[in-house]
Amino acid sequence: MATATRFRTLKDMPKEDYLSPGNTLCAGCGGILALRIFHKVLGPKVAWVNAAGCMTVSMSYPLSPLKSNWLYTAFASAPAGAQGVRDALDVLMAKGKLPASEDLKVVVVSGDGAAYDIGLQSTSGAIDRRLDFYYLCYDNEAYGNTGFQMSTSTPYGSSTKTTPATAAYPLGNTARKKDLFEVWRAMKAPYVATLANSHGLDFLRKVERGSEIKGPRLYIAFAACPTGWGFDTRNSVEIEKLAVQTGVWPLKESVNGAVRHTFVPRALIPVSDYLKTQERFNHLFEPSEKTEAIDAIQESVNVYWKEAGAREGFEVKLPGSSSR
Ligand code: SF4
């Protein structure tokens, strides 16, 4: 794989925008920002294939802000839709009815509901067939479009509409977030990466690197969600940054199975600094602090970074459980 990049600083981000100003999504939505940056790197020749989610609402004809192509499919079947689009393009080019210069990049875009849960079966089929496509998952850690119900991406300790923090269930969700990165890696996808809008250069370079590879490519973009998470819309990028600095959201990539962390924090900030910024975790601090649960979250982050450091040969200074 080539190591040269056209992105040396953030100033190298392409100026062209493929989203018109204004859309029907919530102010401060991390998902649409991820889509916007992703599109800038891929350029104008893109066919988006969408599974139901927040983006669907915004792209409805005739109010779509998008300047490229959009195909809406059923919740479970966006990768199957992507196969159809890819095949159609290939057949048209083979018959000489579409010049190669007019070929499109086929990109599935969905939230975590489709990527982690409902669409995983068709995703597995597409990976197995080595379909040449990108999958951009904007991960807001719940079903945001329908009112913030729990998905298998929802983190431990988060309150959602279907896992509210109550007297009977004081922690809200107690399931652990599914590791979609590892699921795709186990299925031998050649490129898998995590993204955060707060780390723009890392974002740009990963989309560029993945573009050099043929086959199924997954990007999981951390998507701060002011409406579901409960924070001021102006803080989206700051909260994404905090997720990276606390180690809650590791930035990494896998190329043909080899994992590399693309940003290694020198010292992790305590996770409580991140949790306190969002109403979905309020019950961990009020009316009294649930020390055991917060320590459990910190411990799982610490274990992750210890193990990753041991594998890749780096060391991260970890906060202790009493460092809040
Ligand atoms: S609910 Fe969250 S992810 Fe959905 S549009 Fe609003 S901010 Fe974005």
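Bear in mind these aren't lab numbers, they're just calculated from the coordinates by the rules spelled out. All values derive from a computational prediction rather than experimental measurement. No Cβ is skipped: glycine too gets one built from the backbone with ideal geometry, and neighbour counts run over all protein chains shown.
Return P(r) of segment 173-324 (all Cα-Cα pairs; 5 Å bins starting at 0; whole %; ordered from short to long distances).
That works out to 2, 9, 17, 19, 21, 16, 10, 5, 1, 0, 0, in percent per bin.
Could you give each residue of segment 139-145 its phi-based ³J(HN,Hα) in whole Hz, using Karplus coefficients 6.51, -1.76, 1.60 with θ = phi - 60°, and x for Gly or Pro?
9, 9, 6, 4, 7, x, 5
What ³J(HN,Hα) values, in whole Hz, does the Karplus curve 6.51 cos²θ - 1.76 cosθ + 1.60 give for segment 57-70 when θ = phi - 60°, with x put for Gly and Pro?
Going residue by residue, I get 4, 6, 9, 6, 4, x, 9, 4, x, 7, 9, 10, 9, 9 Hz, with x marking Gly and Pro.
Around residue 36, with a cut-off of 13 angstrom between Cβ atoms, what is the net charge of the other residues, counting Lys and Arg +1 and Asp and Glu -1?
+1
Rank 131, 100, 159 by how far each Cα sits towards the positive end of the charge dipole of segment 10-265 (+1 on Lys, Arg Cβ; -1 on Asp, Glu Cβ) and give me just the farthest.
100
Can you return the lysines within cross-link range of residue 317? Criterion is Cα-Cα under 21 Å, with same-chain partners fewer than 8 residues away left out.
Counting by Cα, and skipping residues close in sequence, residue 317 has these lysines nearby: 241, 252, 306.
Each label point is 7 Å from the Cα along the Cα-to-Cβ direction; what then is the distance between the points at residue 208 and residue 300, in nm?
3.5 nm
I want to check the label-to-label distance for residue 97 and residue 188. Put each point 7 Å from Cα in the C-beta direction and report it in nm to one decimal.
Spacing of the two 7 Å Cα→Cβ label points: 3.4 nm.
Kindly state, to the nearest 0.05, the FRET efficiency for residue 256 paired with residue 286, given R0 = 45 Å and r defined as their beta-carbon distance.
0.45
Could you pull out every residue, at least 5 positions away or on a different chain, whose amide H is within less than 5 Å of the one on residue 72? Hs are placed 1.01 Å off N in the peptide plane, and Pro or chain starts have none.
Under 5 Å from the amide H of residue 72: 50.
Given H placed on each backbone N at 1.01 Å, which residues far from residue 149 in sequence or on other chains put an amide H within less than 5 Å of it?
Here 143, 161 satisfy the definition.
DSSP loop (so not H, G, I, E, B), at most 15 other Cβ within 10 Å: list which trypsin sites (Lys or Arg not before Pro) in segment 255-320 pass both filters.
Values: sites: 260, 266, 276, 280, 290, 306, 311, 317; in loops: 266, 276, 290.
Here the sparse-neighbourhood loop sites are 266, 276.
What does the C-alpha gyration tensor say about the overall shape of segment 51-115? Classify as rounded when a/c is under 1.5, otherwise prolate if a/b is larger than b/c, or oblate.
oblate
With a cut-off of at most 12 other beta carbons within 10 Å, and DSSP calling the residue loop, which trypsin sites (Lys or Arg not before Pro) in segment 9-62 qualify? Please list them. Display every interim value, and only then the final one.
Details: sites: 11, 15, 36, 40, 45; in loops: 15, 45.
Passing sites in segment 9-62 are 15, 45.
Can you list the HN-Hα couplings for segment 206-221, worked out from phi with the Karplus curve (6.51, -1.76, 1.60; θ = phi - 60°), rounded to whole Hz and with x for Gly and Pro?
Listing the rounded values in order: 5, 5, 5, 5, x, 5, 7, 10, 9, x, x, 10, 10, 10, 9, 9 Hz.
Could you work out the Rg to Rh ratio of segment 10-265, with Rh taken as the Kirkwood radius (inverse of the mean 1/r over all Cα pairs)?
0.96
What full-extension length gain, to one decimal in nm, is calculated for residue 16 and residue 307 as 0.36 nm per residue of separation minus the Cα-Cα distance?
Values: separation 291, 0.36 × 291 = 104.76 nm, distance 4.05 nm.
So the chain would gain 100.7 nm between residue 16 and residue 307.
Give me the dipole magnitude in Debye, nearest 20, for the chain about the Cα centre, with unit charges on the beta carbon: positive for Lys and Arg, negative for Asp and Glu. Provide the component values of the computation, followed by the final result.
Numbers: 37 positive and 32 negative charges, 171 e Å.
Roughly 820 debye, rounded to the nearest 20.
Excluding residue 258 itself, calculate the net charge of residues whose Cβ lies under 13 Å from the Cβ of residue 258, where each Lys or Arg counts +1 and each Asp or Glu counts -1.
+4
Let a ≥ b ≥ c be the square roots of the eigenvalues of the Cα gyration tensor of segment 162-260; is it rounded (a/c under 1.5), or, if not, prolate (a/b larger than b/c) or oblate?
Here segment 162-260 falls in the oblate category.
Is the shape of segment 1-126 rounded, prolate or oblate, going by the alpha carbon gyration tensor and its root eigenvalues a ≥ b ≥ c, with a/c under 1.5 for rounded and a/b larger than b/c for prolate?
Since a/c stays below 1.5, the shape of segment 1-126 is classed as rounded.
In deg cm²/dmol, rounded to 500, what helix-only [θ] at 222 nm does the chain give when every DSSP H run of at least 4 residues adds -39500 (n - 2.57) and the total is split over its residues?
Estimated from H runs of four or more residues: -9500 deg cm²/dmol.
Amide H to amide H, which residues 5 or more places from residue 46 or on other chains are under 5 Å from it, using H placed in the peptide plane?
Distant-sequence amide H within range of residue 46: 69, 105.
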